[in-house]
Amino acid sequence: MRNVFLLSILAVMVCACGEKTITGVSYPEPPVEILRSGAFGMKLINYFNIIQAPDGTYRMYFSGNEKNSIAEDEWSQNLYLAESSDGFHYELKTKIMDSLIESSVCLVEDKDWPYRLVGNQKVDGKHCMFLWRSKDGVEFVDPKLLYDFKHDTQNVFVPRGKRMTLYSRQTQEHFQNRRVTLADFTLDGEALGEPEIMAGDCLYNSAACKVDDRYDLLFPTYYNTHGGTTDGSWFRTYLADGSFVRELPCELNRWVEPDELWALASPGFIFIGGERYLAFATRTASHDHSHEGMISKYKLIKVVLEYDNQ
């Protein structure tokens, strides 16, 4: 992705300039469960992300359904908002939008319209990705079509001043050819170039976390770990700075419990009490199995970034 072969040259340049380079990511404590299916009367909970609103309130935007499981109708999911004062205990506030999946919300540098929502809706049978904006993070308006072909699981905008980098998963010709793509857009959803495809095999999602103005960390969930089946999933970690991507050691897998056969890393770091947490979700079944009795959980895990000259 983006001149990956320049990695060694860029690494030397970074060291020469005396800037810190991230060399690893560690997780010193077990994850904390913050929500599970059944909460708020939801039969299904799915993709989610957490942001901290300007007033300090933690806002969780999540896909859910009060009646159907994903096996009955994958597109019956709706987007909801729950809020918390401490980042760990949430109260359901309202439904944001019907029939919207693989979505995420971010804050951007726009005084009048500080919230952006990206997600998928079906239009005439096609998977279409739209961008919405909002003044209050509750009412989202002015949908802007970004793509009218298959992108999903999970679409993530990383804001950078007056532009945003969109990480999304593009389904190619075969299941094994799913790839994470990235593209830059203005805050109004105008494309700033063609999407680029990130190298890698079967990158199931596009979970991306902004570290600072230079770095993002990517946490794609990988599939097909057991003889071609989808009974297992595992995480890998990539460091990206817009010019190259480099894999880092990832020990997140040791915290995935044995009965959590399918796992999804959701986007975004959230700071609670000055500590950095990664939000992620797990399931006890994959898409290839019956979802009757499936349990989904939302979790937070503390993240420590390691640098080359600490």
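The values are calculated or read from the model by the stated rules, or taken from the named source; none is laboratory data. Not measured: the values here are computed from a predicted model. Please note: Cβ atoms are built from the backbone with ideal geometry, for glycine as well, and neighbour counts cover all protein chains shown.
Numbers for the structure displayed
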{"read-out": "Index of the failed condition, D142 passing every other in (1) at pLDDT 80 or above; (2) at positive phi; (3) not in a strand (DSSP E or B)", "value": "(3)"}
{"read-out": "Selection from the stretch 36-64 of residues that are at pLDDT 85 or above, surrounded by 15 or more Cβ atoms within 10 Å (Cβ to Cβ) and over 24 Å from L218 (Cβ atoms)", "value": "R36, S37, A39, F40, M42, G64"}
{"read-out": "Count - residues of the stretch 85-135 that are in contact (Cβ under 8 Å) with a residue 40 or more places away in the chain, of a type in the set (G, A, S) and part of a strand (DSSP E or B)", "value": "3"}
{"read-out": "Identity of the residue in the stretch 223-266, in contact with a Lys or Arg (Cβ under 6 Å, 6 or more places away or on another chain), over 25 Å from F62 (Cα atoms) and not in a loop (DSSP other than H, G, I, E, B), that ends up modelled with the lowest pLDDT", "value": "C250"}
{"read-out": "Single unsatisfied condition, T186 versus (1) at pLDDT 90 or above; (2) of a type in the set (V, I, T); (3) out of contact with any strand residue (DSSP E or B) (no Cβ under 7 Å at 6 or more places or on another chain)", "value": "(3)"}
